[in-house]
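Q: I have a structure here, written as structure tokens, and I will follow up with some questions on it.
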Amino acid sequence: QVQLVESGGGLVQTGDSLRLSCAASGHSFSTYAAAWFRQTPGKEREFVAAVSWSGGDTYYADSVKGRFTISRDNVKMEVHLEMNRLNSEETAVYYCAAGTALDYELETEYDYWGQGTQVTVAS
């Protein structure tokens, strides 16, 4: 069993940066892929970025490539999402997820989810 707790959300201005963190507990976390998804009211949850269990491979949605960076520290059991040049359309609740994902972009591939952290980007 893995528990995930996100932090780092908040209110920023368009063009600002923000760093989200996800603290994991559970001894098997280091064997799972990890990802960030986001969701706005009335819309489906959207893939943002994923990292393989080792941290050696990363995957990004086209809309965030070059601006966002996902990383993990299996010793500290943390996953981070560095977000740069944010825009108002990226206002959403951001969720951390972990699981034995083969298709990293599918939320159904992840077994464990955090409660989410709100990111609001003011225009």
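The values are calculated or read from the model by the stated rules, or taken from the named source; none is laboratory data. Note that the structure is a prediction, hence the values are computed from the model and not measured. Neighbour counts run over all protein chains shown; Cβ positions are idealised from the backbone, glycine included. SASA here: full protein model, heavy atoms, side chains in, ligands and nucleic acids out. Shrake-Rupley method; radii C 1.70, N 1.55, O 1.52, S 1.80 Å.
Q: Filter the range 68-108 down to the residues that are small (Gly, Ala, Ser) and open to solvent by less than 40 Å² (accessible area, probe 1.4 Å) and list them by number.
A: Of everything in the range 68-108, those that are small (Gly, Ala, Ser) and open to solvent by less than 40 Å² (accessible area, probe 1.4 Å) turn out to be Ala92, Ala97, Ala98, Gly99, Ala101.
Q: Residues of the range 26-61 being among the small types (Gly, Ala, Ser), in contact with a Ser or Thr (Cβ under 8 Å, 6 or more places away or on another chain) and either in a strand (DSSP E or B) or within 19 Å of Thr117 (Cα to Cα) (or both), which ones?
A: Of everything in the range 26-61, those that are among the small types (Gly, Ala, Ser), in contact with a Ser or Thr (Cβ under 8 Å, 6 or more places away or on another chain) and either in a strand (DSSP E or B) or within 19 Å of Thr117 (Cα to Cα) (or both) turn out to be Ala33, Ala49, Ala50.
Q: Further question: Quick test for you: out of Leu86, Leu81, pick the one residue that is within 16 Å of Thr120 (Cβ to Cβ), assigned to a strand (DSSP E or B) and at pLDDT 95 or above.
A: Going through Leu86, Leu81 in turn, the sole match is Leu81.
Q: Restricting to the range 91-123, name every residue that is hydroxyl-bearing (Ser, Thr, Tyr), assigned to a strand (DSSP E or B) and farther than 17 Å from Val79 by Cα.
A: Within the range 91-123, just Thr120 meets the criteria.
Q: Of the residues that make up the range 16-25, is at least one in contact with a Lys or Arg (Cβ under 7 Å, 6 or more places away or on another chain), in contact (Cβ under 8 Å) with a residue 40 or more places away in the chain and either open to solvent by 60 Å² or more (accessible area, probe 1.4 Å) or in a strand (DSSP E or B) (or both)?
A: The answer is no; no qualifying residue exists.
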